[in-house]
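Rule-based calculations on the coordinates, nothing more; no lab input. Source: prediction; values computed, not measured. With ideal geometry, Cβ positions are generated from the backbone for all residues, glycine too; neighbour counts draw on all protein chains shown.
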Amino acid sequence: MRRPWRSRLAAAALAVVAMGGLAACGSGAAGPPVLTWYINPDDGGQATIAQKCTQAAGGRYTIATSTLPRESSEQRQQLVRRLAANDSSIDIMSLDPPYIPEYAQAGFLAPIPPDVAARVTQGTVQSAIDGATWDGKLVTVPFWANTQLLWYKKSAAAAAGIDMSQPVTWDQLIQAAGKANTNIAAQGRRAESLTVWFNALIASAGGAVIAQNSTDPTQIKLGLDTPQGDRAAEVMSTFANSGREGAAFSTAGEDESVAAFEAGTAGWMVNWPFVWSKAKSGVEGGTLQQSVVDDYGWTLYPRVDADKPAAPPYGGINLGVGAFSAHPDLAYEATECITSTQNQKEYFLTNGNPASRSSVFSDPEVLADFPMAPTIEQSLQLAAPRPQTPYYSEVSGSIQREYHPPGSVTPGVTGKNATELIDAVLSGRQLL
Amino acid sequence: MSAKERNWWIVAGIVIVLYALFPIAWIVSLSFKAPADVANGQFLPSVFTWQNYSQILTGDAASLFLPALRNSFGICLIATFLACILSMFAAYAIARLDFRGKKLILSTALAVAIFPVISIVTPLFNLWRLIGLYDTWPGLIIPYLSLTLPLSIWTMSAFFREIPWEMEQAAQVDGATSWQAFRKVIVPLAAPGVFTTAILAFFLAWNDFVYGISLTSTSAARPVPAALGLFSGASQFEDPTGATAAAAVVVTIPVIILVLIFQRRIVSGLTNGAVKG
Amino acid sequence: MTTTVPPATTAPAHAAPRGGATDRAKAEQKLGWYLAGPAFVVMLLVTAYPIGQAVYQSLFAYRLTDPENRRFVGLSNYGVVLSDAIWWQSIATTVLITVITVAVELVLGFLLAMVMANALKSIRPVVRAAILLPYAIITVVSAFAWQFAFDLNSGFVNSWFSWIPGITADTDWFGSFGSSILVICLAEIWKTTPFISLLLLAGLAQVPDVLQEAAKVDGATWWQRMFKVTIPNMKAAIMVALLFRTLDAFRVFDSIFVMTAGANGTESVSFLAYRQTIARLEVGLGSAVSVLLFIAVVLIAFGFIKGFKVDLSQARGEK
């Protein structure tokens, strides 16, 4: 009676072990080294670039892509968990800039060879270089650079009698929307987009979320409880209680904003340039009237104070090379191919994600498809990055907790509360 | 039963069927809406389209969805199989033999069944990354046993209790060894119970979400529930409502098939102990 | 998630007489553990070991991306968690969801069980199959279905129910605490009522027909029979259903993850633990939350079994 039982159990155990072995040596096949590129979800552009660069490599390496989750905070979780396990299968990563300091500080990024650093920063917009830098050193390769514009319906602007060729403030926008009896679409959802908005407001007011930076979490000085922080909170609260913020403002993300703008319930919108690609494909697909798209206008992000230039949100993707990669040299070679001017241009044209290299914005083909390209480049020059700190997810998470819902933000109070929360969270005295 | 009463029960039955099917009908309907049609505010699509299905089965999202589907099937089937093997022996011992520790085993199964999964996922994650099981099939199969084993032991013990064990003794009297008696007489009688247990265990493993999102990170092992959150619209900022709905429908199909074929068994498996009490 | 009432442990008829430790009894003892041992060991390995590890890790300040600064802090992580308002808020939210869903499910499940018990033979398989679908469907899928239905953009609820005062085309269900909890509870109730109703159906079958007939003869009304005969006689089944569903509801995670991601104070204890360990990678603090959640679940189970005198052995059939 004993033996059959034992042999069955042994077979089961063997099956488990065998599966482990199979999973472990799945990538051990002969041939050129396979570089795994962890990409954020897009419209297939990065996969296409991976194929092109594999061909261009002439057999020295092939690039395989693996898709990360949609939310940047979840992308970070997946990558950091693998990197904390010293995972050598991570060669190239598409990284959201605010999280880069954490990777760099933890030693998760392979150092960039100086010659590569010199080549990839040549002709690159400054905000993209800043976003790829930590502690004075370039740690990632700028790939594409994003920024939010103020989109408007020409008809709504005409109805409100507002001249959109001049810089506008948030207060003026709320008034204009009142006159035109329409809404302004922004992102009030408790997500990264809320931090994006708040950071743009405080930077436009002349302040910063982190007033004095440090790699020691207890030495970080925050700038939330300052006149500039209060001014940002005031704009946020005024907007969210203006009656012009639209339905479901406190749960609206970027896509909800576009839906309101396309449907016509919003006459103004702050959003990333993907809205233009989306509008064009809507017309091609027959779900959006060409006349609606013809009504689209764009300009720089709204100001907080009339006398200070706006500091629009900065986003995009930079490429990091994993510190535990077996082929960091090849991986950096591949990032140079991926971020070539030609690839940046095609990625802009096909996926609507703006380039980090200035020359792309004046390319005739780009201008034909994206007439707002010069505005995007101008916006990128002004754009303010989100706070650069290895503890970004704590800072952003705390901001999302204290400044959500935006309608409940109180100038003079919320900034103080958020400062206390972030201090307590960073020193491990409170949960987040 | 009066005709009036009879009609009343029929109406009540129809209400229940509607209650159960309505959300499923909704997600099916949603999966046939084109991206621009999602916001039409109606239950049904304005135009039926297979677009979402082609996106997840052959299009952009296929590289996310198909491996996840394969992982889900593979991992859940193996976890179910292992749980059934292990609990078959345990349930036989519990139903058939008299030994000290029987209560301990059943109480342990109860304790494991009520265990908060989230409490053990972090230590498992740490252990897995140390021994290289993170993001692998065995890395999910082993924790899935914590879901499937307690249920299997209980359900199967309840079924085994109903088996007329005298037949085994009769076989032994006829000269069969105890192993032969077990295999030739008891196994055919026990098979339906084992099978029902397997279905219930499979449902449990199929339903897992916490292990799936915490212990995997690529299509090497990511199961479908964890992959549902990964779809994207044309850009990272666009909501993939249609693709998510289509994927949700695809993973629901196996469950519906199992329910329709084996409904009687599933009910008896779920209620066995109580009914026979 | 799903649990059946435990099976009987009654000794089989042929068992060796107690007291006399015969060779046969010894062999049986040994065989019993050989057969049941592997399952027992596996169950311990996949739960007892990790929870022990969690207890150990909860004594450290440890962030996964910063392993050098890992240091022993004793019980101070527990102090941090227990003195934090967010912990108590998540407890309150979890208890609220648990109480609402379990109460509604009990009533609704009872009604479903009554219908199934009385349904005509011809429609019984249809009703039974239908009721199994919510039980068998993936929780995440159910959560997506309900979320999309109530979502301002993709949903139909606002346009269908705009005749109800307070619901307009712009009603944002996930914009405030109350309405978010309502939708979360609806999804949970839809998904898990069938399980309760099946357990109650089994309980209904336990009520002796003789008693019902006797009460009828005595002129008891339908309500009197329900409260004096039916319900008291299925108390064991009700309590078992209540116990398992309460413990299940207390661990709510999937629906909240999908629908609100914890916004507007809808964070459950499980979700809080998930965010500390998996999202923030604060392994020490998160382990403390996990251990406290585990203790809470044990206390509930203990409270039910001792306080409400849920007699599991009765449900097992040990009279």
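For the residue pairs C:Lys121/C:Lys228; A:Lys137/A:Lys221; A:Lys153/A:Lys416; B:Lys103/C:Lys121; B:Lys103/C:Lys235; A:Lys280/A:Lys308, alpha carbon separations beyond 30 Å are given by A:Lys153/A:Lys416; B:Lys103/C:Lys121; A:Lys280/A:Lys308.
Here, P(r) means the percent of Cα pairs in each 10 Å bin from 0 to the largest distance; for the range A:378-432 it is 23, 44, 27, 7, 0. log₁₀ I(q)/I(0) of the range C:24-91 at q = 0.28, 0.29 Å⁻¹, via Debye over equal Cα point scatterers, no solvent, to two decimals? Values, matching the q order: -1.09, -1.11. What you get for chain A, charging only the Cβ of Lys and Arg (+1) and of Asp and Glu (-1), is a dipole of about 1360 debye around the Cα centre.
The range B:52-102 and the range A:376-394 have their alpha-carbon centroids 45 Å apart.
Listed values for the range C:65-76 are Karplus-derived 3J(HN,Hα) couplings in whole Hz (6.51 cos²θ - 1.76 cosθ + 1.60, θ = phi - 60°), namely 7, 9, x, 5, 8, 5, 8, 6, 10, x, 8, 5, and x replaces Gly and Pro. Couplings for the range B:118-133, taken from phi via the Karplus curve 6.51 cos²θ - 1.76 cosθ + 1.60 with θ = phi - 60°, read 4, 5, 9, 6, 5, x, 4, 4, 5, 5, 4, 5, 6, 9, x, 9 Hz in order; Gly and Pro are left as x.
Order of C:Trp146, B:Trp50 from fewest to most other C-beta atoms within 10 Å? Don't skip to the end; give the middle numbers.
Values: C:Trp146 26, B:Trp50 12.
Least crowded to most crowded, the residues run B:Trp50, C:Trp146.
Counting every alpha-carbon pair across the range C:38-145, the share separated by more than 24 Å comes to 61%.
Note that chain C carries a Kirkwood radius of 23.2 Å, evaluated over its alpha carbons pair by pair.
For chain A, what does the helix formula give at 222 nm: sum of -39500 (n - 2.57) over DSSP H segments with n ≥ 4, over the residue count, nearest 500 deg cm²/dmol?
Values: 19 runs with 201 residues, N = 432.
Only helices count here, giving -14000 deg cm²/dmol.
Rg and Dmax, both from the Cα atoms of the range B:63-230 and both in Å, are 18.5, 61. Summarised as an ellipsoid, the protein assembly as shown has semi-axes of 53, 33, 26 Å, derived from the eigenvalues of the Cα gyration tensor scaled by 5 and square-rooted, with the largest first. When the helices in chain B are scored as -39500 (n - 2.57) per DSSP H run of 4 or longer and the sum is shared across all residues, what 222 nm value do you end up with, to the nearest 500 deg cm²/dmol? Result for chain B: -24500 deg cm²/dmol, rounded to the nearest 500.
Please state the equivalent ellipsoid semi-axes for the range B:1-143: what are the square roots of 5 times the Cα gyration tensor eigenvalues, largest first, in whole Å?
Working: eigenvalues 329, 202, 38 Å².
Taking √(5λ) for each Cα gyration eigenvalue gives 41, 32, 14 Å.
The ellipsoid that matches the Cα gyration tensor of the range C:204-289 has semi-axes, each √(5λ) in whole angstrom, of 48, 13, 8, with the longest given first.
Taking the Cα centre of the protein assembly as shown as origin and charging only Cβ (+1 Lys, Arg; -1 Asp, Glu), how large is the dipole, in debye to the nearest 20? If you can, show how the numbers build up before the last one.
Details: 69 positive and 71 negative charges, 961 e Å.
Here the size comes out at about 4620 debye.
Computed per residue of chain C from DSSP H runs no shorter than four, each worth -39500 (n - 2.57), the mean residue ellipticity at 222 nm is -21000 deg cm²/dmol. Computed from phi, the 3J(HN,Hα) profile of the range A:217-226 under the Karplus parametrisation 6.51, -1.76, 1.60 (θ = phi - 60°) reads x, 7, 9, 6, 9, 9, x, 7, 8, 10 Hz, with x in place of Gly and Pro. Normalised by the number of residues in chain A, the average gap of Cα pairs under 8 Å and 6 or more apart makes the relative contact order 26 percent. If only the Cβ of Lys and Arg carry +1 and only the Cβ of Asp and Glu carry -1, the dipole of the range B:63-230 around its Cα centre is close to 220 debye.
In this structure, the amide hydrogen of A:Gly315, modeled 1.01 Å from its nitrogen in the peptide plane, lies closer than 5 angstrom to those of A:Asn146, A:Thr147, counting only residues at least 5 positions away or on a different chain.
Long hydrophobic helices in chain C, taken as whole DSSP H segments with a C-alpha length of 30 Å or more on their own axis and mean Kyte-Doolittle hydropathy at least 1.6: C:85-118, C:283-307.
Across all Cα atoms of chain A, the radius of gyration (one decimal) and Dmax (whole number) stand at 23.7, 92 Å.
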